[in-house]
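See below for the structure under consideration.
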Amino acid sequence: MLSLRTDPAAQDVDLIHRFLSEESPWAKGIPKLLVRESIQNSLNFGLFESEAQIAYARVVTDYTTFGYLLDVFVLQEHRGKGHSRTLMEAILAHPRLQGLRRLLLVSSTARGLYAKDGFAPLEKPETFMEVTRAHPYASDSSGFHKRLDMEHSNVTAGAPHGPQVQPPMPATFGLGERVRKKSGAAWQGLIVGWYSTKLTPEGYAVESEAHPGSVQIYPVAALERVA
């Protein structure tokens, strides 16, 4: 029996990460930490057969004017059974997505499928612009997996040529590792990146476990591992 689940906590993170990182042409190599964060910050659509997830999609949206549909997939062994149609119908009928001025998606392989649901090529493609990152999930200094919330973005203030690539993180702690402050006000969480600009000292970006989404920057010497 099929069921739809939108709760972030109900999604099979391991399955979604495995498909995106190994099988999808658009997110090869994406770290599980980023997949988990993307699920937490999206409107999710998980299609389940009994208790096993067989399909997924998510929408990034402000719920009032704009939505971006992405990471849409049906597992290979469950294709050809109309599940993609079921998934799309559920997405387009969701009450929080009614009345949006624009719902956008990017597809190179299933445009005919999406056309059946009313999607069409951009009316004025010349008005759209984008910033893209080559090899965004690389582990070296060109990787943008060290991205933070906008208030802690890796854009150097006043930089004349756009986003500046930050130096690689030191090896003291790894991405996703649990740490805490050694002294002073309590702060414990996960390493989500390395932050350095002309206006701030460099340090690890630590997202609070108690308050997800809240990030503080601490120098290496201020932190210790949590066993």
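Numbers below:
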{"item": "Whole-Hz couplings from phi, Karplus 6.51/-1.76/1.60, listed for region 16-30; x for Gly and Pro", "result": "5, 4, 4, 5, 5, 7, 10, 10, 6, x, 10, 9, 4, x, 5"}
{"item": "For region 91-97, Karplus couplings with θ = phi - 60° (6.51, -1.76, 1.60), whole Hz, Gly/Pro x", "result": "5, 5, 8, 4, x, 6, 10"}
{"item": "Total charge dipole magnitude, region 2-124, about the Cα centre, Cβ charges on Lys, Arg, Asp, Glu only, Debye to nearest 20", "result": "420 debye"}
{"item": "Mean Cβ neighbour count within 10 Å, used as a protection proxy, ranking 9-19, 126-136, 216-226 highest first", "result": "9-19, 216-226, 126-136"}
{"item": "Amide H contacts under 5 Å for ILE54, placed H, 5+ residues apart", "result": "LEU47, PHE48, GLU49"}
{"item": "Bins of 10 Å from zero: percent of alpha-carbon pairs in region 2-124", "result": "12, 46, 36, 5, 0"}
{"item": "Global geometry of region 1-40, whether rounded, prolate or oblate, following the gyration tensor of its Cα atoms and the 1.5 cut on a/c", "result": "oblate"}
{"item": "Built amide H within the under 5 Å cut-off of SER214, gap 5+", "result": "SER208"}
{"item": "Neighbour net charge for ILE54 - beta-carbon separation under 12 angstrom, K R +1, D E -1", "result": "-1"}
{"item": "From phi via Karplus (6.51, -1.76, 1.60), per-residue ³J(HN,Hα) for region 106-122 in Hz, x at Gly/Pro", "result": "10, 8, 10, 10, 10, 5, x, 5, 5, 4, 5, 9, x, 6, 9, x, 3"}
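Each value in this text was obtained by applying a stated rule to the coordinates, not by laboratory testing. No experiment lies behind these values; they were computed from the predicted model shown. Virtual Cβ from ideal backbone geometry, glycine too; neighbours counted across all protein chains shown.
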